[in-house]
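Asks: Have a look at the structure that comes next, please.
The values are calculated or read from the model by the stated rules, or taken from the named source; none is laboratory data. Quantities reported herein were computed from a predicted structural model and do not represent experimental measurements. We place every Cβ from the backbone using ideal geometry, glycine too, and count neighbours over all the protein chains shown. Each accessible area value is taken on the protein alone, full model and side chains, heavy atoms only, with ligands, DNA and RNA left out. Shrake-Rupley method; radii C 1.70, N 1.55, O 1.52, S 1.80 Å.
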Amino acid sequence: MDIRVLRYFVAVVETKSVTAAAEALHITQPTLSRQFKELEDELGKKLFERGSRHITLTEAGELFYSRALMILELFNNTKEEITAKNDEISGTISIAMGESPVLNFLAKNLTEFKQKYSKVKFNIVSCNDDTMRYLLKTEICDFGVAISASEIGLNEYSYLTLPLKNSWGVLTRPESPLYDKEYITPSDLKGIPLLFSTQSLNNEEFRSWLNAPTSKLNIVCTYNLPQNAYMLAEANLADMVCLKDCINLKQNSQMKFIPLKPSLEATGFLVWKEQRTPSKAAVKLVEHIRNVLSK
């Protein structure tokens, strides 16, 4: 298996046709089919089924496709870094993060950084904390952004504490028994249907505030992307446990955010794997953000 075969496989998946991929790659269809036969023999798994009109990935094929994309991205970024001029700061900086108000801080600083180093590009990967840890461990991403020290495990990483202080609370519906409250206490949540982010299910700070495991809550739906959960809450499925500034409410929305009592705040962290060999661009970004934070 080599990079060329990975590119072939991705081309077939994206065109949904061996014939179309062969034409795009300027190789013969029998050659491409032989490459895939050898790949499947090497892996011991069938990667796709041929239909009358297009191919369909098997479960193993879906996994292989996602990993192939990651490997190709890492390869391309590494090639960019190595072939760049000695004094040139270029390449792609990949940052794994969930949807979070931290992006407001990052957006401003990434813009300033781009103005200084015009050949640098950015790749933002939306994910939960488990996926973030995987992407950092495998060095597919340079950085991760966390909003909880306990969820990411800061002892495993180098990190910068970002200037984010955001309150946890509940986004409530007019039909909710919580709607007219000024604040939400742990006892208020008993039996209330809730939408809860998957990455916060094991949040130690929230469990400490609740004084109970989150399994005691009536969680009817979990979510990764807050904006999707907001649409479910607005459809009256459940109230939504979230950070105050993670949702842009519609102009005519009747929903409202109610903070927790005692108050519970989240702090943002930019984290990276200390053992990895960082790119010049990644080193410069850390320097830039450190300088901003020191002012």
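Asks: Using modelled backbone amide H atoms (1.01 Å from N, in-plane), which distant-in-sequence or interchain residues come within less than 5 Å of residue 164's amide H?
Replies: Amide H neighbours of residue 164: 268.
Asks: Can you give me the long-range amide H partners of residue 121? Hydrogens built in the peptide plane at 1.01 Å from N, cutoff under 5 Å, separation of 5 or more residues or another chain.
Replies: 91, 92, 93
Asks: Between residue 3 and residue 53, what length comes free when the chain is fully extended (0.36 nm per residue of separation minus the Cα-Cα distance, one decimal in nm)?
Replies: 15.3 nm
Asks: Next question, about the same structure. Over all directions, the average projected area of the alpha-carbon convex hull for segment 1-43 comes to how many nm²?
Replies: Here the figure is 2.6 nm², rounded to one decimal.
Asks: Once you have the Cα-Cα distance between residue 121 and residue 31, take 0.36 nm times their residue separation minus that, and quote the gain in nm to one decimal. Spell out each step's value before the answer.
Replies: On the way: separation 90, 0.36 × 90 = 32.40 nm, distance 3.52 nm.
Separation in residues times 0.36 nm, less the Cα-Cα distance, equals 28.9 nm.
Asks: If you don't mind, there's one more thing I want to ask. Starting from the exponent 0.38 and prefactor 2.2 Å, build the expected Rg for segment 184-266 from its residue count and divide its actual Cα Rg by it.
Replies: Details: Rg = 12.3 Å, N = 83, 2.2 N^0.38 = 11.8 Å.
My calculation over the Cα atoms of segment 184-266 gives 1.04.
Asks: Something else: Subtracting the Cα-Cα distance from 0.36 nm times the residue separation, let me have the gained length for residue 69 to residue 161 in nm, one decimal.
Replies: The span from residue 69 to residue 161 would gain 30.0 nm if fully extended.
Asks: What order do 23, 88, 59 take when sorted by accessible area (1.4 Å probe), most exposed first?
Replies: 59, 23, 88
Asks: Explain nothing, just compute: Karplus ³J(HN,Hα) = 6.51 cos²θ - 1.76 cosθ + 1.60, θ = phi - 60°, for every residue of segment 189-198 in order, whole Hz, x for Gly and Pro.
Replies: Karplus values, whole Hz, x for Gly and Pro: 7, 4, x, 6, x, 10, 9, 9, 5, 4.
Asks: Further question: Do the sum for the chain: with -39,500 (n - 2.57) for every DSSP H run of n ≥ 4, divided by all residues, what is the mean residue ellipticity at 222 nm, to the nearest 500 deg cm²/dmol?
Replies: Details: 10 runs with 120 residues, N = 295.
After summing the helix terms and dividing by residue count, I get -12500 deg cm²/dmol.
Asks: Follow-up. I'd like the Karplus ³J(HN,Hα) series for segment 172-181: coefficients 6.51, -1.76, 1.60, θ = phi - 60°, whole numbers in Hz, and an x wherever there's a Gly or Pro.
Replies: Those phi angles translate into 10, 9, x, 7, 7, x, 8, 4, 8, 7 Hz.
Asks: Using a cut-off of 14 Å between beta-carbons, work out the net charge of the residues near residue 190 (Lys and Arg +1, Asp and Glu -1, residue 190 not included).
Replies: 0
Asks: If I model the chain as equal point scatterers sitting on the Cα atoms and use the Debye formula, what is log10 I(q)/I(0) at q = 0.12, 0.14, 0.15 Å⁻¹?
Replies: Debye intensities relative to I(0), on a log10 scale: -0.93, -1.08, -1.13.
Asks: Same structure, new question: Where Rh denotes the Kirkwood radius from the mean inverse Cα pair distance, what is Rg over Rh for segment 86-181?
Replies: On the Cα set of segment 86-181, Rg over Rh gives 1.09.
Asks: So which GluC sites (Glu not before Pro) in segment 165-226 end up in coil per DSSP with only 14 or fewer other C-beta atoms within 10 Å?
Replies: On the way: sites: 175, 182, 204, 205; in loops: 175, 182.
Passing both the DSSP loop test and the Cβ count: 175, 182.
Asks: Okay, next question. Given a cut-off of 26 Å, name the pairs among 216/273; 121/273; 108/244; 165/280 whose C-alpha atoms lie farther apart than that in the structure shown. Walk me through the intermediate numbers first.
Replies: Values: 216/273 35 Å; 121/273 20 Å; 108/244 20 Å; 165/280 30 Å.
Distance filter (> 26 Å) returns 216/273; 165/280.
Asks: Going 7 Å from the Cα of residue 188 in the Cα-to-Cβ direction, what parts of segment 255-280 have a backbone nitrogen less than 14 Å from that spot?
Replies: 256-264
Asks: Follow-up question, since we're still on this one. To the nearest 0.05, what FRET efficiency results for residue 19 and residue 43 with a Förster distance of 30 Å applied to their C-beta separation?
Replies: 0.85
Asks: Work out from phi, with θ = phi - 60° and the Karplus expression 6.51 cos²θ - 1.76 cosθ + 1.60, the ³J(HN,Hα) of each residue of segment 9-21, listed in order in whole Hz, and give x for Gly and Pro.
Replies: 4, 4, 4, 5, 4, 6, 8, 6, 7, 5, 4, 5, 5
Asks: So who's got an amide H within less than 5 Å of the one on residue 58, skipping anything under 5 residues away but keeping other chains? H placed 1.01 Å off N, in plane.
Replies: 48, 49
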